[in-house]
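Enquirer: One structure follows; several queries about it will come next.
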Amino acid sequence: MATVLITGGTGLIGRPLTAALLEKGYEVIILTRDPARYTMHTTRLSYAAWDPAAGVIDIAAITKADHIIHLAGAGVADKRWSKKRKREIVESRVKSGELLVKALKETSNKVQSVISSSAIGWYGPDSKEQNAGFTEEAPPAADFLGQTCKQWEASIEPVTQLGKRLVKLRVGIVLGKEGGALKEFLKPLRFGIASILGSGRQVISWIQLEDMVRLYITAIEKDNMNGVYNAVTPSPVTNKQLIMALARKKRGRLYIPVYVPSFILKIILGEMSIEVLKSTSVSCNKLSKSGFIFQYPTITAAFNDIK
């Protein structure tokens, strides 16, 4: 079976993706800055060293790979956006992409495809002129995330000149029980509080974690997938719709909706509050036309397995 090399393989998407690939019979190599930390080595799962900041990568891992899934990047919402943190967010994506390109260019390899993460942060806020959802052809926003995504995608683009099939997935808000945004949304509900952010009218383009995992594997296995795809469901929701659906699933009727004013979010989150309050409607028409079928197309379906 083919070998898949994963960067960022220990994160929210990387962990279930690794499990799914192993279940399908793939061999998996995870690139990490600290391979000695992981002892779960098997005949089909191993860890190899890399350090994008230092320009270091295990060349043996590159020579073994048939496909690369590039997930690496510092968490956008993990910390307040100081100048230092913003630099880390950009460099973790750009330097890792450039390192993969350099390794593929300088090393004899059999890599057929590179599946690289990007994000719907590429797009700006909704406007009256744009009411059908952003498509893949839309230009990047001029803001921090838009320009970060532009550099992120550009860093990995040269693999196409090396004869590799490149798929770039602009990922929406990923909803999974294991962590990420959903974990944060659930915290207030432990106390019966349904926290609606700002007006609650801002549109969230999202994808359920299991569908996201399936999409990465589909991108490996479908040779006719090329270029950019928006990784979002056909059913975007407002922040209020998402929070209320989650509250009903988790608490029945035992919750109180509470609006968190925009000015409070700005104080707490700083510049990051722009993204929390931004409405971004993103189209998945290209992905659907490729034949991908969502198992969780609606927010109700996405929350079905939440206890």
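Enquirer: Look through the stretch 15-29, keep the residues that are part of a helix (DSSP H, G or I) and closer than 21 Å to Ala60 by Cα, and return whichever of them is nearest to the chain's Cα centre (by Cα).
Expert: The selected residue is Thr18.
Enquirer: Within the stretch 220-265, take every residue that is in contact with a helix residue (DSSP H, G or I) (Cβ under 7 Å, 6 or more places away or on another chain) and among the aromatic types (Phe, Trp, Tyr) and give me the one that is farthest from Ser116 (Cα to Cα).
Expert: Tyr255
Enquirer: Quick check on my filter: what residues within the stretch 159-188 are assigned to a helix (DSSP H, G or I) and not small (Gly, Ala, Ser)?
Expert: Val159, Thr160, Gln161, Leu162, Leu182, Lys183, Glu184, Phe185, Leu186, Lys187, Pro188
Enquirer: Also, quick follow-up: How many residues, within the stretch 53-82, are at pLDDT 95 or above and within 30 Å of Val276 (Cα to Cα)?
Expert: 3
Enquirer: Of the residues in the stretch 30-79, how many are over 21 Å from the mean Cα position of the chain (by Cα), closer than 12 Å to Ser96 by Cα and among the acidic types (Asp, Glu)?
Expert: 0
Enquirer: Another question about this same structure. Just checking, how many residues over the stretch 1-33 are over 25 Å from Gln208 (Cβ atoms), of a type in the set (A, V, I, L, M, F, W, C) and either surrounded by fewer than 19 Cβ atoms within 10 Å (Cβ to Cβ) or free of Cβ contacts under 8 Å to residues at least 12 places away in the same chain (or both)?
Expert: 2
Enquirer: Additional query: Among what's in the stretch 34-53 and is part of a strand (DSSP E or B) and among the aromatic types (Phe, Trp, Tyr), pick the residue that is surrounded by the fewest Cβ atoms within 10 Å (Cβ to Cβ).
Expert: Tyr47
Enquirer: Another question about this same structure. Taking Leu169 as the residue in question, decide whether it is surrounded by 14 or more Cβ atoms within 10 Å (Cβ to Cβ) and over 18 Å from the mean Cα position of the chain (by Cα).
Expert: For Leu169, the condition - surrounded by 14 or more Cβ atoms within 10 Å (Cβ to Cβ) and over 18 Å from the mean Cα position of the chain (by Cα) - is not met.
Enquirer: A further question on this structure: Could you pull out the residue among Ile274, Ile217, Ile268, Ile207 that is farther than 30 Å from Ile115 by Cα and either crowded, with 20+ Cβ neighbours inside 10 Å or among the β-branched types (Val, Ile, Thr) (or both)?
Expert: Selected residue: Ile268, the only one of Ile274, Ile217, Ile268, Ile207 that is farther than 30 Å from Ile115 by Cα and either crowded, with 20+ Cβ neighbours inside 10 Å or among the β-branched types (Val, Ile, Thr) (or both).
Enquirer: How many residues does the stretch 163-180 contain that are in contact with a Phe, Trp or Tyr (Cβ under 8 Å, 6 or more places away or on another chain) and either without any contact (Cβ under 8 Å) to a residue 60 or more places away in the chain or of a type in the set (A, V, I, L, M) (or both)?
Expert: Here the count works out to 5.
Enquirer: Here's another thing I want to ask about it. From the list Val213, Val228, exactly one residue is part of a strand (DSSP E or B), at pLDDT 95 or above, β-branched (Val, Ile, Thr) and under 15 Å from the mean Cα position of the chain (by Cα). Which is it?
Expert: Checking each option against the conditions leaves just Val228.
The values are calculated or read from the model by the stated rules, or taken from the named source; none is laboratory data. The model shown is predicted, which means the values in this text are computed figures rather than measured ones. Because the Cβ atoms are built from the backbone with ideal geometry, glycine has one as well, and the counts that use them run over all protein chains shown.
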